[in-house]
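What follows is a single structure, written as structure tokens, with notes after it.
The values are calculated or read from the model by the stated rules, or taken from the named source; none is laboratory data. Because the structure is predicted, anything quoted here is derived from the model rather than measured. Note that each Cβ is placed from the backbone with ideal geometry, even for glycine, and that neighbours are counted across all protein chains shown. Accessible surface areas use protein heavy atoms only, side chains included; no ligands, DNA or RNA. Shrake-Rupley method; radii C 1.70, N 1.55, O 1.52, S 1.80 Å.
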Amino acid sequence: MNNQAPYYHPIGKEIEVFEHSYKNKLPFLLKGPTGTGKSRFIEFMAHKLEKKLITISCHEETSSTDLIGRYIIKGAETIWLDGPLTTAVKEGAIIYLDEIAEARPDVIVAIHSLTDHRRELFIDKLGEIVKAHKDFMLVASFNPGYQRGFKELKPSTRQRFVATSFAYPIAEIEAEILVNETEIAISIAKKLVNIATKIRNLTELGLTETVSTRLLVDAAKLIHSGLPKRLSVQVAVVEPLSDDLEVVEALKDLCDLMI
Ligand code: ADP
């Protein structure tokens with residue numbers, strides 16, 4: 001395990017909440033838009049608790065087989081290969097199912113018995129039930145605004161988790177994060193945060209997702225490595241947000257004034 005703790009700046013009481021959830025082995029749901037530090041938080045917590053972290057980025061093809069395991073053909077033999085969820089359950093790792101709502105419905109079915117008092121995994125292809133190691137914990141993330149309710153998590157699934165919301169940090173903290181992540185000057189960090197705050201308040205633009213801390217970190221990295229400030233903001237903040245030429249132009253003008 002890497003000994004250097006990942007840098008994470010707390011936003012609220014999430015560290016304390018997670019520690020107690022871990023103590024009680026309660027499944028944990030991180031809610032919030034992309035780029036708000038959810039993955040960084042779980043990396044930080046796994047390091048703090050000295051637990052192995054297994055991360056799965058879920059997408060629409062992610063199935064229970066991908067998580068639980070499959071038979072593979074090796075030479076003349078057919079052998080069983082545990083998937084990452086089975087490995088985590090057996091070894092007592094923390095499994096992080098990033099963007100769980102993206103996965104196929106059979107993934108939700110597969111984790112059910114792990115998210116209640118049973119704490120067991122049913123491996124249907126082997127006809128086996130595996131009891132979870134005492135240190136095993138299930139963590140998932142979910143982006144509530146994304147895709148306008150198309151990929152919601154059912155209430156019956158959500159209620160199996162302790163949940164914490166992640167949002168954009170207050171301006172001072174966000175600027176501090178930029179400085180820590182990129183060694184950029186605080187004066188520039190503050191300007192980037194001002195730009196983000198301004199764009200986040202422009203609801204009339206109808207952006208599906210707004211400026212995340214991640215985009216600001218990217219802009220700060222480009223500036224720190226010597227790319228001109230305006231160009232950095234354009235390519236790291238404005239262009240990723242929209243493909244509508246008018247919106248892009250309007251945002252570019254706004255940012256040019258602010259940096
Ligand atoms: P998410 O998983 O929510 O999409 P990430 O955890 O990947 O977002 O965060 C994106 C980037 O933003 C991180 O790599 C990190 O640079 C920065 N970041 C966001 N929030 C924090 C925080 N609270 N502390 C430290 N870095 C943060």
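Overview of values
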quantity: Angle in degrees between helix 38-48 and the longest Cα principal axis of the chain, rounded to the nearest 10; calculated: 60 degrees
quantity: Distant-in-sequence amide H partners of S141 (H built 1.01 Å from N, under 5 Å); calculated: L30, L97, D98, E99, I100
quantity: Of all accessible heavy-atom area on the range 171-258, the percent that carbon and sulfur account for (1.4 Å); calculated: 52 percent
quantity: DSSP-assigned coil residues among chymotrypsin sites (Phe, Trp or Tyr not before Pro) in the range 1-53, each with at most 11 further Cβ atoms within 10 Å; calculated: Y7
quantity: Residues A167 and E239, FRET efficiency given R0 of 22 Å [Cβ-Cβ distance, rounded to 0.05]; calculated: 0.40
quantity: Inter-label distance, nm, simple model (7 Å from Cα along the C-beta direction), H224/M258; calculated: 2.1 nm
quantity: Rounded to 10°, Cα long-axis angle of helix 245-258 versus longest principal axis of the chain; calculated: 60 degrees
quantity: Candidate lysines - alpha carbon under 20 Å from K134, same-chain residues fewer than 8 apart omitted; calculated: K23, K25, K48, K51, K52, K90
quantity: Order by protection proxy (mean Cβ within 10 Å, highest first), peptides 69-77, 244-252; calculated: 244-252, 69-77
quantity: Accessible surface of the range 1-127 [probe 1.4 Å, protein heavy atoms]: carbon and sulfur percent; calculated: 52 percent
quantity: Contact order normalised by residue count of the chain, Cα under 8 Å, 6+ apart, percent; calculated: 20 percent
quantity: Probe 1.4 Å, all protein chains present, accessible-area order of D82, D124, largest first; calculated: D124, D82
quantity: Relative contact order (%) - criterion: Cα under 8 Å, at least six apart; region: the range 171-258; calculated: 28 percent
quantity: Qualifying chymotrypsin sites (Phe, Trp or Tyr not before Pro) in the range 102-174, DSSP loop, other Cβ atoms within 10 Å at most 11; calculated: F150
quantity: 1.4 Å probe accessible area per residue over the chain, in Å²; calculated: 52 Å²
quantity: In degrees, nearest ten, helix 213-224 long axis to first principal axis of the chain (Cα); calculated: 50 degrees
quantity: Pairs of Lys in the range 171-258 closer than 15 Å at Cα, counting only those 8 or more apart or on different chains; calculated: 9
quantity: Per-residue [θ]222 nm for the chain (sum of -39500 (n - 2.57) over DSSP H runs n ≥ 4, rounded to 500); calculated: -11500 deg cm²/dmol
